[in-house]
Every structure is written in structure tokens, then in C-alpha cells.
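**Q** Here it is, the structure, as C-alpha cells.
The values are calculated or read from the model by the stated rules, or taken from the named source; none is laboratory data. On a predicted model such as this, the values are computed, not experimentally measured, just so you know. Cβ atoms come from the backbone with ideal geometry, glycine included; neighbour counts cover every protein chain shown.
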Amino acid sequence: MAFEKTAKKLDDNFWNTKNLKISIGEVSDGKSAKSKLDEPMGPTPKPSVTDLRSWDFKLLKRYPPFYAPFCDMCCLCTYGKCDLLGKKGACGINAEAQQARTVLLASCIGTAAHAGHARHLLHHVIHMHGRDKPIDLGKNIDIEAPIIRTLIGKKPETLGDLEESLAYVEEQLTHLLSACHTGQEGSSLDFESKTFHAGIMDDLAREVADIAQIIAYRMSKGDGDEPLVELGLGTVNKDKPVILCIGHNVAPGAEILDYIEDNDLYEDVEVCGICCTAIDITRYNSAAKVIGPLSKQLKFIRSGVSDVIVVDEQCVRTDILEEAKKNGAVVIATTDKMCLGLPDKTKEDSDLVISELVNGKIDGALILEPKNVGKVAVEVAKKIAKRRESIKALPDVSEISKLAKECTECGWCVRVCPNNRPVMDAVTSAAKGDLTKLAKLYENDMCYACGRCEEECERKLPLVSFITKAGDHHVKNQKFKMRAGRGPVQDVEIRKVGGPIVLGDIPGVVAFVGCSNYPNGGIEMAKMAEELLKRRYIVVATGCAAMSIGEYVDEDGLTLYERYEGIFDAGGLANAGSCVSNAHISGACIKIANIFAKKPLSGNFEEIADYILNRVGACGVAWGAFSQKAAAIAAGVNRWGIPAVLGPHSSKYRRLHLGRIDKKELWDLNDLRTGEVVQGEPAPEHLLYAAETMEEAIVSIVKMCIRPNDTPKGRQLKLSHYIDLYKRYFGELPPDLELFVRNERDVPITYKHDVMENLKEKKWVQREAPKEPSLLLKK
């Protein structure tokens, strides 16, 4: 496993634990709390940028940053650019600090995106319902907003109460971003601590956003039996006018659906979505269709199916207007974050705007009031759909063969392809009349349509259009079922599974999140999820990952959502919702500490995170992470003590948090019951790890669910899965079993003979498991 091997070669001076020593304050053991389900409402100091620094340094001591820089230069100010290869920059910064600063910048961008989304959405829904609209997540949820309760120290009662949390996020973002200025922070470790802080601010912003939309748009409150919704390009009725919503803010899409319902237009107009907006509009109204993740965006736009394209924020192609104009589609931008140079028509009469768009006086419009978007989008789609039928969006098959003959076989399309796909080979085959290789690139999003090949092609061939047309005959088969997003995990579910998760009887909770920047297509997401579901892990999904999991069918034509229940329980596949719904995954782990272990929440971050790290077998998987938002999400879950396994492209984030199994002193634990320092184990081994293949990823996932607090029965179960998968994919026993077998009771019965022989060869010595493992000191 490449990063592990590389990490072991690092200079030991970098890993010197003396550099990581920091004093920590006392942390409550929770014994004095009266009621953990009903936290006190008194004022609790919100953590500043440095208040949780002691906890961060404990994590960084165990999981030091491993940097993978793009280059050795810093080009941030006019002192430079500065060469940092073995040197300091003109401001005094070194290479490690510069890489850490870049990571913090990325995380601040990601957090700002979610906070901006939450601010826009909260402003809109308060305008709709008023500040006093009660927050009621149903009778099965007493601990709503566990992240807000822990960090803010208050239970939000109304929509207006959410403004305090968001104002706090915005304040902290200002401080974090200011630390990136030239001549500010100089320590890589303090930059990393600030990145963790940006991560939990991102968590907080996402929780605000999802609670606000659940309340305002009457979305599911974690029932677990949400309806199955239609997924895939083939689900769209092309005979109707089609409105495509792209982005992450549900408000414009909801208003479109409201206008259709108010005017009884369900039979006349089709509404579909790409990215998280797709999930959220189906949470609001299951009549909408989900096209799929980000990787579908350019393909679907090039297909010409969409008459009107409504974009809100995040993960939208910035050339969307240019692409839409190629086939006569109209673009409506709906947020100040993405205006696209379009004229602002927010305050103009809707009928006049409709007329201008229909008559081609303007290519699109910026409409910042969601209510106005509904009428304009629907009426424009109805009026232009007929005339667009004659517009040819894609080249004919005969045209592809003719154009493909112009290929000079320079190979640049392959060189610039992020996944090194055989694009040139497919084009040369097409020149001979064989389009099967182009179609192969289309299937399972093997090509995720970034368009870089087209930009480099010296003949300017429309390669993405080639691939889209070649795969077009498969579209009719791309009809799947995906469970609608459920939102939070209910308290009753936590009460049922909290004990088995902590004790190891349920092998783990695995969350598939992130974007569609996959190394080998989205099918790998579904295969990993299926493997874990068969082994009775709790599987949760959100965003693009949730959609990709739904694009895989078995021999009976059923998706995983049709085969597994949407419950938060062993063998359950719960679609939490969109990217902002990721907050409920961290929230579920927090609620385990609160409900099962009776840990108070308010102002008690360190103890909660320590409990999760050492006891809750949870692991995040962002196999296709690409955006700054994904970086911020990972930083947040890491600070809560949840490890994450990433795809190979994620090394481009420039930093991982890798453990060192050869540094045994880094794994020592405090046994809070005895007050002694005891020998620990690399559990979890890494905090942020990039796997290179699906096989390596799934083995890493099950290993990352091992925790020091596992009972012998639970450790047996987890090791059984680890051994079985490692033998299947790598043909031998795992090379590090002696690290995770504490005593003979931990050895899986099925593999007992082989494991004991292996341990004997390594001169393994038994040890007792700690009674109450912790990184914190006994109070």
C-alpha cells in the first residue's frame, strides 16, 4: 500500500513526538450530568480557533500529516514566487507550512460554500415561514442538531435559532482565512489544527442547512422507509418539455415543482436534477427525476434533452452557458455565487422575462428570487420545447466515423485524461466504423466527461459528444431506483444499535460520501457497498455517492436500494440525502456517545470525539472526492475521530493523515478506569488514507472499523472480515495481524490455526484490552 510504504521512509525527525507535546485541560467524564437527553440551555462558550488545539495535537501526534505537494513553489504574494525545496520562502515559510496553508485554504473554501448555501437557504425559508417556525423532527428524535448542541451549547427551537450557529461559522471562517495571509501562521501543525476547525465549522453549516430545509420543505425526518425514486438518464420523458436543475440549493427546484402542482402541469412538464439538488427535490416531491451525479452533467447537456437548465450553486460546470447555447437551451442562474454574466431579471415582470428568453433576446437570465424562477422556468420550457426538436444536439453515427478519421493519433487525449482512458484507441476504432469502444467509455461513467480531452485535441474533435452518442443507445436501459433521502438518524435507531456498534457486535458504520471523480467508474461504489451490506455493516450514503450506488443492478434487475432496507441498522442501506445531509452521519456518532454512553454534549467536544475515536467503529469513504467541499467534510469527520478512506485522486489534496505502525509509543492509551498508561494498537490505523484500488479500499475500510474498545466477540467478527477480504484480494493472511490480536480470545475460530501459527512466527505476546481506552487524561 503505497502511502504506507512512503510514510515509513520519511525522516524520523519529522515524526519526533517532542514537537507535538502540548498541555491539555481537564475534560468532564460526564458523571455529573443530570439528563443527557435534555441538555441544559445555559450559555456555553463556543470553541474558538485555538480552544480545541489540544485535541488536534493529540490527533496530529498519532496521525502526523503526510504531504504530497504539486510543486515546490509558493506563488501567493509578490515576494515570490519562492522555491521551497529545502529552503524557506521570502516570508520565512517552509514547505510543510506552505502545503498545510494550501490545505487550510481549500477547507475554508469548502466550508464557505456550505455556509453560503446554508445562509441563502435559511434567509429564504425564514422569509417563507418566519423566524418562529418551530423545529420539530418528530417524536422519534429528541436530540435534534447534535452538532449544534455540542458546539453552540443550545438546543435550536425555531428556524431563527439557527442564525446564531451560522453567524458563529461565519465569524470563525474570517479568523481561519486570515491565518492564511502572508506573514501569519508559520507552523504546519497549527495550520492543520485550523483545518480541523474549518472542518467542524463545515459540519455545523451543513447541519443548519439540512435542518432548515427539512422543516421548511416538509422533508422526511429519518423514517427509514422513504419511497423509491426514479434514477437515470432513461427515466426522463423526452416528449415533454424538460427542466434540468443542477447544483445543491433546493429552493429554486422546489418553486418549480410548486408552480407545476399549482397549475396542474405534471403531465406537461418533466423536472429532473443532477448533483445534490436532484436528491433534495425528490426529498421534497418524488415526482422529480434524478439523472445522477456530477459525471452526468456534460453528457446530459450535450444530449440536448434539457430545454431549460436551472443552476444554483456548487459543482456546476462554469461553461454551462456556452454548452447550453450549442443546442438552444435556456439557462437560468439563481444565486449570487454564479451569475454567469447574465442580465439580472430578478425584479422584472416574469411575463416580460419569459418573452425575452423565448424570443432569443437574451441567452439566459439571473433570477435571485426562487419564487420567480418557478414560473419563468416552466413557461419557457413549454414554449421552446417544440422548436428545439429540430436542433441536432449530437453528431450522427456516420458523422462520428467521418470526423474520427481526422484524428492524428497524437495521444494527447490520453495524456490529459485524469484516468488515462484509451480515448485515442476508441476514436481510431470509430474511424473504422466500430463505436463499441466509445460506448464502453460511456458505461458506468468510465469517462466522467470532464472535457479535458477536447481541449487538448489538435483537431478540436467533440470527443465527449462522440462518447455520449455512442452510448446513447444504452440510455433506454439506464432506469434505476434509488431511495429518497431520509435525513437524520432517529434516536430509537441509536438506542437499538449503539451498544452493538460500541462493543463490536455490529462490525461498523460505513458512510459513502463525496463526488464522482472515480478511478474506474461508479460501479465500484456499488460493489463496495454490496460487500459490506452482505457482511451486516451499517451502510449510509449521501450525495453523488448515493446516486452512484443506485446505478448498479443485479441479475434480477434490482438495485441495492431495492434489495436492502433504508434503516440505520446492520445490513441497512440508508440514503441520508444530499451533501449537507452528511452532517447526520457525524451526528449519529455523536448521539451514540450521548444516548448509549450518557456523555453530555454541551461544550464537551473533546470527550465526545475521544469516545468516537476509541469506541465507535465508523469509517467514511470518499472514493470520488474532488471538490474543496469534500476536503472540508473530511477534515470535519477526522476531528470527530472518524477515519476516512479516499480514492487515488485524493492524494492531490496534498495531505493525508497516516499512522506509523513502527512507532509503538504513538499508540499508547490512557485507561480511564485504572488511570494507567497501557499499550494500544493502531486502531484506527490512519485518519485520512488514499487507497489506490477498490480492493485495497475495501480491506482498508473494514480495518479502519477496528477500535480499542472492541469486546473479544466484536474483535473476532471484525478480524474475520479483515482476514477474509485480505485473503480474497491479496491471497494471504494480513501482514499485521499481531497488531490487532490482543489475546487468543480475539482470534476468529474459522482462521484460528492459521492465525496462531502466524502469530507464533512473529513472537507475538498477549496483552489485555484496556477497560476504558482514551487519549485524554483521567480527571
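**Q** Within the stretch 648-685, which residues are hydroxyl-bearing (S, T, Y) and more than 27 Å from G624 (Cβ to Cβ)?
**A** T674
**Q** So which residues in the stretch 241-273 are in contact with a Ser or Thr (Cβ under 7 Å, 6 or more places away or on another chain) and either on the phi > 0 side of the Ramachandran plot or not assigned by TED's automatic domain parsing to the domain that holds R283 (or both)?
**A** Passing the criteria: only G247.
**Q** Restricting the search to the stretch 209-220, which residues are touching a Lys or Arg at 6+ places or on another chain (Cβ under 8 Å) and part of a loop (DSSP other than H, G, I, E, B)?
**A** Matches in the stretch 209-220: Y217, M219, S220.
**Q** Here's another thing I want to ask about it. Does the stretch 472-490 include one or more residues that are surrounded by fewer than 24 Cβ atoms within 10 Å (Cβ to Cβ) and without any contact (Cβ under 8 Å) to a residue 60 or more places away in the chain?
**A** Yes, that holds for at least one residue.
**Q** Kindly indicate whether any position in the stretch 746-753 is within 26 Å of G498 (Cα to Cα) and hydrophobic (A, V, I, L, M, F, W, C). Before the answer, list the steps.
**A** Of the stretch 746-753, the ones within 26 Å of G498 (Cα to Cα) are 746-749.
Now narrow it down to the ones that are hydrophobic (A, V, I, L, M, F, W, C): 747, 749.
Among the residues of the stretch 746-753, at least one is within 26 Å of G498 (Cα to Cα) and hydrophobic (A, V, I, L, M, F, W, C), which makes the answer yes.
**Q** Would you call L166 surrounded by fewer than 19 Cβ atoms within 10 Å (Cβ to Cβ), outside the structural domain of A329 (by TED's automatic domain parsing) and of a type outside the set (D, E, K, R)?
**A** For L166, the condition - surrounded by fewer than 19 Cβ atoms within 10 Å (Cβ to Cβ), outside the structural domain of A329 (by TED's automatic domain parsing) and of a type outside the set (D, E, K, R) - is not met.
**Q** Further question on the same structure: Out of the stretch 118-146, which residues are touching an Asp or Glu at 6+ places or on another chain (Cβ under 6 Å) and either in a helix (DSSP H, G or I) or charged (D, E, K, R) (or both)?
**A** Residue satisfying the conditions is D142 alone.
**Q** When you check K296 against the structure, is it in contact with an Asp or Glu (Cβ under 8 Å, 6 or more places away or on another chain), outside any strand (DSSP E or B), crowded, with 17+ Cβ neighbours inside 10 Å and not assigned by TED's automatic domain parsing to the domain that holds D472, yes or no? Working first, answer last.
**A** Details: in contact with an Asp or Glu (Cβ under 8 Å, 6 or more places away or on another chain): yes; outside any strand (DSSP E or B): yes; crowded, with 17+ Cβ neighbours inside 10 Å: yes; not assigned by TED's automatic domain parsing to the domain that holds D472: yes.
Taking the combined requirement at face value, the residue satisfies it.
**Q** Quick one: which residue in A570, A546, A625, A634 is within 22 Å of A691 (Cβ to Cβ), outside any helix (DSSP H, G or I), not assigned by TED's automatic domain parsing to the domain that holds T277 and not aromatic (F, W, Y)?
**A** The match here is A625.
**Q** (1) among the hydroxyl-bearing types (S, T, Y); (2) surrounded by fewer than 23 Cβ atoms within 10 Å (Cβ to Cβ); (3) in contact with a helix residue (DSSP H, G or I) (Cβ under 7 Å, 6 or more places away or on another chain): which one isn't true of Y722, the others all being true?
**A** For Y722, the failing item is (2).
**Q** For residues that are out of contact with any Cys (no Cβ under 7 Å at 6 or more places or on another chain) and either modelled with pLDDT under 95 or closer than 16 Å to K652 by Cα (or both), tally how many sit in the stretch 59-74.
**A** Let us first name the residues in the stretch 59-74 that are out of contact with any Cys (no Cβ under 7 Å at 6 or more places or on another chain), namely 59-72.
Cutting the leftovers down to either modelled with pLDDT under 95 or closer than 16 Å to K652 by Cα (or both) gives us 65-72.
The total comes to 8.
**Q** Inspect all residues belonging to the stretch 491-504 and state whether any of them is modelled with pLDDT of 95 or more and not in a helix (DSSP H, G or I).
**A** So far as the stretch 491-504 goes, no, none of its residues is modelled with pLDDT of 95 or more and not in a helix (DSSP H, G or I).
**Q** Among the strands (runs of 3 or more DSSP E) confined wholly to the stretch 223-277, which include 3 or more residues that are in contact with a Phe, Trp or Tyr (Cβ under 7 Å, 6 or more places away or on another chain) and more than 13 Å from I309 (Cβ to Cβ)?
**A** Because the criterion is at least 3 residues that are in contact with a Phe, Trp or Tyr (Cβ under 7 Å, 6 or more places away or on another chain) and more than 13 Å from I309 (Cβ to Cβ), no strands (runs of 3 or more DSSP E) in the stretch 223-277 meet it.
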